[in-house]
Amino acid sequence: MPSITGKELRTKFLEFMKSKGHSILPSASLVPKEDPTVLFNTAGMQPLVPYLMGLSEHPEGSRLANSQKCVRTNDVEEVGDNRHLTFFEMLGNWSIGDYFKGESIPWSWEFLTDPQWLGMDKNRIYVTTYLGGGDAPEDLEAEMAWKKVLEQDGIEPESGVEYDFKNPSNNPKGLKYRYRITKMGTDDNWWGLSHRGPCGGDTEIFYLLDKWPVDYIETEVSKMNPIEAGEFLENNLVEIWNNVFMEYEGETENIDGKATPVRLSPLKSKNVDTGMGLERIVMMLNGFEDVYQTDLLNPLVQVVNKWENTKN
Ligand code: SER
């Protein structure tokens with residue numbers, strides 16, 4: 001039996017955000033009403049772009065949250081693994097010029113780890129912060145906010161830059177495969193739209209699957225060769241939440257084969273835009289192998305199986 005259903009999780013998230021002063025919005029239509037730049041909403045922030053850009057004030061205030069139905073075609077290459085979907089629900093909270101990193105990070109930690117909310121194992125959580133690139137500086141503020149949160153909970157907040165698994169010989173001697181706080185570049189920790197728009201560095205939160213001992217990364221993965229270690233981390237340290245600190249309007253350009261933030265100008269307000277895939281977090285909390293085992297998708301799988309069986 002699942003220990004938490006999709007509905008229970010959605011309700012918990014929205015209750016938590018309500019307790020932090022957020023107005024709860026309904027999921028907007030999948031087909032955007034006044035945004036000609038996309039065919040479908042690809043993220044919870046999409047219907048909020050005019051407010052994030054400071055073009056008008058949201059009638060519900062500056063702290064917003066919802067569970068938004070999304071179609072994410074840009075992830076289509078990943079679909080077919082155990083956790084990427086084209087159609088999914090994204091739990092999100094937004095600050096439109098209200099709170100920033102110093103609140104957003106501790107609140108994410110509280111929701112994930114406090115037994116009153118999800119009670120996930122703190123020692124299995126690893127995070128990443130933005131290393132900087134192009135016109136955008138390194139995000140030292142997010143790193144400091146994480147250090148504070150981790151230290152308060154007795155977790156060694158060691159930080160370091162990401163290991164280059166594609167070119168292992170490029171790495172400085174002694175660089176670890178993974179730090180509790182790993183600093184990553186634009187490919188991983190920068191978020192923006194495909195055209196000029198609101199953007200910023202992000203911090204991503206990862207969870208080591210329960211099937212591995214809690215200290216497996218330090219004790220075993222550290223001894224693997226880079227190919228094995230890279231594969232292990234890709235498949236077993238799973239991203240669960242993305243907090244984007246949207247403080248710029250800008251573009252991402254490909255410079256020398258690398259995604260690079262350019263032509264940045266500060267937005268009217270410093271915003272927060274978070275996103276957590278509902279199906280994925282339900283899968284993780286129940287210890288399922290894939291999202292298709294969750295109560296959100298399994299009934300559909302059953303129907304398809306039935307059709308298949310009647311054909312034979
Ligand atoms: N916009 C970010 C994302 O889609 C956070 O919500 O991941």
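Estimated translational diffusion coefficient (Stokes-Einstein, Kirkwood radius over Cα pairs, 37 °C, 0.692 mPa s) of segment 8-101: 231 µm² per second. Multiplying the residue separation of GLN152 and THR5 by 0.36 nm and removing their Cα-Cα distance gives an extension gain of 49.9 nm. The modelled label-to-label distance between GLU138 and GLU34, using points 7 Å beyond Cα along the C-beta direction, is 4.2 nm. For a Förster distance of 22 Å, can you work out the FRET efficiency between the beta-carbons of LYS20 and ARG263, rounded to the nearest 0.05? Working from the Cβ atoms, E equals 0.05.
Enclosing the Cα atoms of the chain in their convex hull gives a volume equal to 159 cubic angstrom per residue. Protein-only accessible surface at a 1.4 angstrom probe places the residues TRP107, TRP241 in the order TRP107, TRP241, largest first. From largest to smallest, the equivalent ellipsoid semi-axes obtained for segment 235-312 from the alpha-carbon gyration tensor read 40, 17, 13 Å.
Taking all protein chains together and rolling a 1.4 Å probe, LEU39 ends up with roughly 140 Å² accessible. Across SER95, SER67, SER265, mean-square fluctuation computed from a Gaussian network of the chain (C-alpha pairs under 10 Å connected) peaks at SER265.
Largest first, the three principal axis extents of the alpha carbons in segment 46-135 are 39, 34, 33 Å in whole numbers.
Within the assembled protein chains, the solvent-accessible surface assigned to LYS183 is about 30 Å², based on a 1.4 Å probe. Computed extension length for ASN225-LYS311: 26.2 nm, one decimal, from 0.36 nm per residue of separation with the Cα-Cα distance subtracted. By the Stokes-Einstein formula, at 1.306 mPa s and 10 °C, segment 177-248 with its Kirkwood radius over alpha-carbon pairs has D equal to 115 µm²/s. Taking 18 Å as the cut-off, the amide N atoms of segment 12-29 that come nearer than this to a point 7 Å along the Cα-to-beta-carbon line of SER56 belong to 25-26, 28-29. Rounded to the nearest 500, the 222 nm mean residue ellipticity of the chain from helices alone is -8000 deg cm²/dmol, with -39,500 (n - 2.57) taken per DSSP H run of at least 4 residues. Amide H contacts of SER23 (H built 1.01 Å from N, in plane; Pro and chain starts excluded): ARG63, LEU64, ALA65 sit under 5 Å, all sequence-distant by 5 or more or on other chains.
The values are calculated or read from the model by the stated rules, or taken from the named source; none is laboratory data. Treat the numbers as computed from the prediction; the structure is a model and nothing was measured. FYI the Cβ positions are ideal-geometry reconstructions off the backbone, even for glycines, and counts take in every protein chain you see. Side chains included, ligands, DNA and RNA excluded: accessible areas come from the protein's heavy atoms. Shrake-Rupley method; radii C 1.70, N 1.55, O 1.52, S 1.80 Å.
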